[in-house]
Amino acid sequence: MELTREDREMLAGKHGNAVRQSMEILVSLGEIFGAKRLIDVSSVQIAGVSYHNLGEAGLEYLSDLARDGKVRVLTTLNPAGMDMENWKNLGISPDFAEKQIRVIDAFKRMGVITTCTCTPYFIGNVPHFGEHVAWSESSAVAYANSVLGLKTNREGGPSALASALTGRTPEFGMHLDENRQAQVAIDVKARLATVPDFGALGYALGKKIGKKIPLIRGVGKASVEELKSFCASIATYGGTALFHMEGITPNVTAVPKDSITISDEDIANAKKDLNDADEIDLVAVGCPHLSLKEIGEVARMLHGKKVRKEMWVCVARPIKRIADQMGYTKAIEDSGAKFACDTCMAVAPLKGRFKCLATDSAKGCFYGRGSNAFKTRFMTMQELVEEATR
Ligand code: F3S
């Protein structure tokens, strides 16, 4: 692989140990995937932040890099395993909290913005159309490539951190225009009216096409919140890092010859698969983390009511601060629902505390089942509020 003089210096350890280790990761990745060179990135999003997933080995790795590592580009973090300020109220143990705080401290020492959200595009990590970035949260990767028109592979936590510490990434996969063309056309003949409908579309499509890049026709219009849900779902159930949605997303693609249809029956079947719970004991919204508009909707729905079940509202802390000013926070907290900033119901260690999760997120169902052994119910936000306050 062709390396610049600065790349070679970084690899030789002239910029410190953390940079040397990072370059070794990036060069190895580049060689494995046949990259011809490394390119600059303008932004990084790091996943794998919860101590629940990192464990002691991950914490040690981060602490080691933090001895002399400093990020070179704007870098944000995915959700942690707990609300970094309000963890006691969410039932997190002091032992877990101590470890999670050390993880976040290590990132902070490296200059990472420790906001802990899977919607970095809501809190200012929004590069310009066409820029190369290194993001590693699957829903945010799909959103970055497809909705924002950025170029990123689906990075792992270590490779994203390596890009943050060097400002570089190997040029392969989604960084090359020839790999960003649609491979299959999708004709949506289903009625999509709610955020869960878009989550179900992502589920149905992901199961049918896997990692293929789709050109999706017939959706008509989609809000930011619907696209956020769709990105999370298609990346979870299929694995694609990019889609094109005719008339909605900004990238240009040739039209593939092969096509498949998504019908109302596909959407109904997806919803059926995501429902296997009866007695709900945890209601959660905010997967991916809620937009300000969605927080306002939850506040209006909960106003003057009391929740009778544990209800989590998962958000980025900076967005909650704006919600505080808007009066949304008071309406939600007065109902007894709890904000879960910096975290979510899937990455927090909740196994054994709750059995059945109700959520409006198809991705939340997948990770709730996988990480916390929940059974799940898949509903609209209005139905979730009714369920929580019944
Ligand atoms: Fe975000 Fe947690 Fe969902 S990280 S996308 S809220 S599973």
Distance in nm between label sites at Arg191 and Lys207, each 7 Å beyond Cα in the beta-carbon direction?
2.2
Using a Förster distance of 56 angstrom, determine the FRET efficiency expected from the C-beta separation of Val252 and Glu279, and round it to 0.05.
0.70
Check: segment 295-352 dipole with +1 on Lys, Arg Cβ and -1 on Asp, Glu Cβ, in debye
160
For segment 267-349, listing trypsin sites (Lys or Arg not before Pro) in a DSSP loop whose Cβ sees at most 15 other Cβ atoms within 10 Å gives Lys306, Arg308
Picking from Leu227, Gly247, Gln325, whose Cα lies most toward the positive end of the charge dipole for the chain (charges on Cβ: Lys, Arg +1; Asp, Glu -1)?
Gln325
Segment 98-252 accessible area per residue, 1.4 Å probe, protein heavy atoms, integer Å², reads 32
Accessible area per residue, Å², segment 276-370 with all protein chains present, probe 1.4 Å:
39
Under unit Cβ charges (Lys, Arg +1; Asp, Glu -1), what dipole magnitude, rounded to 20 debye, does segment 263-371 have relative to its Cα centre?
520
From zero outward in steps of 10 Å, how is the percent of C-alpha pairs of segment 160-274 spread across the bins?
14, 45, 28, 11, 2
With all protein chains in place and a 1.4 Å probe, Val307 shows an accessible area in Å² (nearest 10) of 30
Neighbour cut-off at most 10 other Cβ (10 Å), DSSP loop, trypsin sites (Lys or Arg not before Pro), segment 218-270:
Lys221, Lys257
Which of Cys344, Thr75, Val307 sits farthest toward the positive end of the charge dipole of the chain, with +1 on the Cβ of Lys and Arg and -1 on the Cβ of Asp and Glu?
Val307
On the protein heavy atoms, probe 1.4 angstrom, tell me the percent of accessible surface of the chain carried by carbon and sulfur.
50
Between Val126 and Ser63, what is the label-to-label distance in nm when each label sits 7 Å out along the Cα-to-Cβ direction?
3.9
Relative contact order of segment 262-354: what whole-number percent is it, with Cα pairs under 8 angstrom and at least 6 residues apart?
31
With all protein chains modelled, accessible area of Cys356 [1.4 Å, Å²]:
10
Spin-label pair Arg300/Asn179, simplified geometry with 7 Å Cα→Cβ offset, distance in nm
4.3
Short version: ³J(HN,Hα) in whole Hz for each residue of segment 85-93, in order, from phi by Karplus 6.51 cos²θ - 1.76 cosθ + 1.60 (θ = phi - 60°), x for Gly and Pro, what are they?
10, 10, 5, 5, 5, 9, x, 7, 6
Using a Förster radius of 45 Å, what is the FRET efficiency between Glu31 and Glu383 based on their Cβ-Cβ separation? Nearest 0.05, please.
0.35
Among His289, Gly16, Ile216, flag the residue with its Cα farthest along the positive direction of the charge dipole of the chain, charges on Cβ as +1 for Lys/Arg and -1 for Asp/Glu.
His289
Once you charge only the Cβ atoms, +1 for Lys and Arg and -1 for Asp and Glu, what is the size of the charge dipole of the chain about its Cα centre, to the nearest 20 debye?
200
How much solvent-accessible surface does Thr194 expose, in Å² to the nearest 10, with a 1.4 Å probe and all protein chains in place?
40
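The values are calculated or read from the model by the stated rules, or taken from the named source; none is laboratory data. Because the structure is predicted, anything quoted here is derived from the model rather than measured. Because the Cβ atoms are built from the backbone with ideal geometry, glycine has one as well, and the counts that use them run over all protein chains shown. The area values use the complete protein model at the heavy-atom level, side chains included, leaving out ligands, DNA and RNA. Shrake-Rupley method; radii C 1.70, N 1.55, O 1.52, S 1.80 Å.
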